[in-house]
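Reviewing the structure listed below.
The values are calculated or read from the model by the stated rules, or taken from the named source; none is laboratory data. As the structure is a computational prediction, the values presented were derived from the model and not from experiment. Here the Cβ is made from the backbone with ideal geometry for all residues, glycine too, and neighbour counts use every protein chain on show.
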Amino acid sequence: MGDKQVDDGGPAFPAFDPRNSAGAYLPLGGMTLLDWFAGKALASRQVKIDDDNVDSLAFDFYKMAVAMIAEKRRRERCSAP
């Protein structure tokens with residue numbers, strides 16, 4: 001993924017700020033959508049994880065998560081009014 005800034009998708013589980021009448025969400029930290037997608041990609045695979053392949057698997061799962069966010073953004077643009 002290199003030095004290029006990656007869209008992390010924002011918070012996976014944003015928290016609503018009840019004090020904000022505009023209904024804004026607060027970035028309170030925690031898991032990003034990128035992290036969530038990478039974890040879901042990991043959970044969907046049945047692979048043996050050991051010291052020899054853990055780094056390459058982590059890279060692959062995050063690469064898949066980046067692709068998921070890119071597709072999500074593409075679909076959002078296509079369905080925008």
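Filter segment 31-53 down to residues that are of a type in the set (A, V, I, L, M) and under 27 Å from Pro14 (Cβ atoms) and give me whichever is nearest to the chain's Cα centre (by Cα). So the residue we want is Leu34. Residue under question is Phe13, and the condition is that it be closer than 20 Å to Arg73 by Cα, of a type outside the set (D, E, K, R) and modelled with pLDDT under 90; does it hold? When the stated conditions are applied, Phe13 passes them.
Just the residues that are under 12 Å from the mean Cα position of the chain (by Cα), of a type in the set (Phe, Trp, Tyr) and over 16 Å from Ala12 (Cα atoms), please, taken from segment 57-79. Once the filter is applied, which keeps residues that are under 12 Å from the mean Cα position of the chain (by Cα), of a type in the set (Phe, Trp, Tyr) and over 16 Å from Ala12 (Cα atoms), segment 57-79 yields only Phe61. Restricting segment 25-57 to residues that are in a loop (DSSP other than H, G, I, E, B) and modelled with pLDDT under 65, the residue that is nearest to Ala67 (Cα to Cα) is Pro27.
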